[in-house]
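The values are calculated or read from the model by the stated rules, or taken from the named source; none is laboratory data. No experiment lies behind these values; they were computed from the predicted model shown. All Cβ positions, even for glycine, are placed from backbone atoms using ideal geometry, and neighbour counts span all protein chains on display. What goes into the accessible areas is simple: the full protein's heavy atoms, side chains included, and nothing from ligands, DNA or RNA. Shrake-Rupley method; radii C 1.70, N 1.55, O 1.52, S 1.80 Å.
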Amino acid sequence: MDKAVEQAKNAILTIGNKTYDLPIHDATLGPSVLDVSALYRETDMFTYDPGFTSTASCESEIAYIDGDKGILLYRGYPIEQLAENGDFIETCYLLLYGELPSKKEYEEFNKAITYHTMLHEQMSRFFTGFRRDAHPMAIMVGVVGALSAFYHDSTDINDPYQRLVASRRMIAKMPTIAAMAYKYSIGQPFIYPRNDLDFASNFLHMCFAVPCEEYKTNPVFARAMDRIFTLHADHEQNASTSTVRLAGSSGANPFACIAAGIACLWGPAHGGANEAALNMLSEIGTVDRIPEFINRAKDKNDPFRLMGFGHRVYKNYDPRARVMQQTCHEVLSELSLTDDPLLDIAMELEKIALEDEYFVSRGLYPNIDFYSGITLKALGFPTTMFTVLFSLARTVGWIAQWNEMVEDPSQKIGRPRQLYTGAATRDYVRRDER
Ligand code: SDX
């Protein structure tokens, strides 16, 4: 960036024969911002930025992404270091409170989450209203939205203690609800959470244990599951997080806001991409059909896109995708599945795409969803559960961002404007005169 621009403290906007002074606010890391909050009042004009490609919707201290360098930080810590050295519970504490926990803080927080994992028993009957073949994400949206009907004592967003309880309840109960959605879809009985298991092991146990026999969690799978949760925990102002913030800005209760985030995450352009990426690899079927799909991805007349590729912010490798790829190999080798045909197709597809001018010139690289699908399938999950697992992990990010929004003294209800290009004012014409 030009030095003069870098050091500027304001920008001058000229409209016709008038000039306007726009303050510039600097970031700790990444782009500064042009403050246009007074623009409408001073110029009677709006800014226009469909998709918010150049718009900062808020100030935040939680996650930072450098899309050109492929960097993701949670409260300043690189995602690779957290995924390698920490665990998901530690990441939850970091995202919520801004610092890595001491040993004592970790133990207290872990116990607090553990003792919120059970669901109100009445809620188990809620599931029976769904068809057995309902998509688990539909169940997640419904059941999480219904939490506010069972936990009235933590819905007052202006009470910090109620926000704390609601935050812990959300983080703790999402695995239980997700596991119940899975069990319901396969006609097996619900398995209760176990307080003697760590977060990821408890989740795998609730998904894959049956009452008829002891279930031993594979530690490689538990470690992989935990790392997948860490990788998906937060990601700045992505579509679903922005949805949670917007819902929260009206004062809606946290359970309703998280349900809105789940609904948004479901889209194939967002969190639904892991399911779509695996379905795409299955559709490609063999390595020799890859060129056909690469050509379709480039064809503007074909809606097909390479699922698991590209990103609004990353124009380099998604740092999570590298950790995801390593985790994928660990799980597959634990299963001695090193010749998984889908992995072969994924590796060849990645190699071809990264050498193809169309993808290179547009900064289209594998994102986190490219390898997560293969890993989750190897762990035993059906594709319909992939986005459910994404929503389970992202809940802590949504909750941390929601708390940050509620606690922001400058916070007000989010209410964007528009460029109106509809009919000009006109008078009503009686039906018998039309
Ligand atoms: C997630 O925002 C987040 O942080 C999200 C997320 C998180 O953690 O919350 O990281 C999770 O959602 C990851 C992204 C998962 N989605 C997919 O993998 C679906 C496939 N990807 C595309 O749909 C797309 O890349 C998006 C939606 C992810 C990004 O869309 P953009 O930034 O709006 O990209 P664009 O449409 O501006 O693309 C620029 C160009 C276009 O071509 P031209 O008009 O320049 O000729 O790249 C092309 C696009 O057509 N392009 C692709 C492509 N992605 C973009 N072409 C083929 N295949 C693709 N996947």
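Conditions (1) in a helix (DSSP H, G or I); (2) buried (at least 16 other Cβ atoms within 10 Å of the Cβ); (3) out of contact with any helix residue (DSSP H, G or I) (no Cβ under 8 Å at 6 or more places or on another chain), marked per residue:
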residue: 320; (1), (2), (3): yes, yes, no
residue: 325; (1), (2), (3): yes, yes, no
residue: 343; (1), (2), (3): yes, yes, no
residue: 349; (1), (2), (3): yes, yes, no
residue: 406; (1), (2), (3): yes, yes, no
residue: 411; (1), (2), (3): no, no, no
residue: 421; (1), (2), (3): no, no, yes
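Of the residues making up the stretch 265-293, those that are part of a helix (DSSP H, G or I), among the hydrophobic types (A, V, I, L, M, F, W, C) and either open to solvent by 40 Å² or more (accessible area, probe 1.4 Å) or within 9 Å of the ligand (Cβ to nearest atom) (or both) number 5.
Yes or no: the stretch 371-379 includes at least one residue that is touching a residue at least 60 places away in the same chain (Cβ under 8 Å), open to solvent by 20 Å² or more (accessible area, probe 1.4 Å) and not in a helix (DSSP H, G or I).
As a first pass, look at the stretch 371-379 and keep what is touching a residue at least 60 places away in the same chain (Cβ under 8 Å): 371-377, 379.
If we keep only those that are open to solvent by 20 Å² or more (accessible area, probe 1.4 Å) as well, we get 377.
Now restrict to residues that are not in a helix (DSSP H, G or I): none.
No: the stretch 371-379 contains no residue that is touching a residue at least 60 places away in the same chain (Cβ under 8 Å), open to solvent by 20 Å² or more (accessible area, probe 1.4 Å) and not in a helix (DSSP H, G or I).
Tell me, yes or no, whether the stretch 253-261 has at least one residue that is buried (at least 19 other Cβ atoms within 10 Å of the Cβ), out of contact with any helix residue (DSSP H, G or I) (no Cβ under 7 Å at 6 or more places or on another chain) and in a helix (DSSP H, G or I). Scanning the stretch 253-261, I find no residue that is buried (at least 19 other Cβ atoms within 10 Å of the Cβ), out of contact with any helix residue (DSSP H, G or I) (no Cβ under 7 Å at 6 or more places or on another chain) and in a helix (DSSP H, G or I), so the answer is no.
To keep it simple, each residue is scored yes or no on (1) at pLDDT 95 or above; (2) among the polar types (S, T, N, Q); (3) surrounded by 14 or more Cβ atoms within 10 Å (Cβ to Cβ).
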site	(1), (2), (3)
25	yes, no, no
28	yes, yes, no
33	yes, no, yes
41	yes, no, no
45	yes, no, no
49	yes, no, no
60	yes, yes, yes
64	yes, no, yes
67	no, no, yes
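Out of all the residues in the stretch 271-288, is one or more closer than 30 Å to residue 163 by Cα and either within 22 Å of the chain's Cα centre (by Cα) or among the acidic types (Asp, Glu) (or both)? Looking through the stretch 271-288, at least one residue is closer than 30 Å to residue 163 by Cα and either within 22 Å of the chain's Cα centre (by Cα) or among the acidic types (Asp, Glu) (or both).
Applying the criterion of being more than 10 Å from the ligand (Cβ to nearest atom) and surrounded by 15 or more Cβ atoms within 10 Å (Cβ to Cβ) to the residues of the stretch 294-318, the residue that is farthest from residue 171 (Cα to Cα) is 316.
Let me confirm something: among 323, 331, which residue is at negative phi and touching a Ser or Thr at 6+ places or on another chain (Cβ under 7 Å)? Before the answer, list the steps.
On the way: 323 fails: touching a Ser or Thr at 6+ places or on another chain (Cβ under 7 Å).
Of the residues listed, the single one that is at negative phi and touching a Ser or Thr at 6+ places or on another chain (Cβ under 7 Å) is 331.
Within the stretch 120-137, being within 20 Å of residue 398 (Cα to Cα) and in a loop (DSSP other than H, G, I, E, B) holds for no residue. Of the residues making up the stretch 208-238, just one is open to solvent by 50 Å² or more (accessible area, probe 1.4 Å) and within 16 Å of the ligand (Cβ to nearest atom), namely 236.
Counting the residues of the stretch 294-318 that are of a type in the set (Asp, Glu) and either without any contact (Cβ under 8 Å) to a residue 40 or more places away in the chain or in a helix (DSSP H, G or I) (or both) gives 2. Restricting attention to the stretch 342-364 and to residues that are free of Cβ contacts under 8 Å to residues at least 40 places away in the same chain and of a type outside the set (Val, Ile, Thr), the residue that is nearest to residue 295 (Cα to Cα) turns out to be 357.
Of all the listed residues (176, 241), the sole one being within 12 Å of the ligand (Cβ to nearest atom), of a type in the set (Ser, Thr, Tyr) and open to solvent by less than 10 Å² (accessible area, probe 1.4 Å) is 241.
State whether one or more residues within the stretch 281-297 are among the polar types (S, T, N, Q) and modelled with pLDDT under 90. No, the conditions are met nowhere in the stretch 281-297. Contact annotation: residue pairs with Cβ atoms under 8 Å, 6 or more positions apart or on different chains, pairing a residue in the stretch 155-180 that is of a type in the set (Gly, Ala, Ser) with a partner that is part of a helix (DSSP H, G or I) and at pLDDT below 95, are 166/154.
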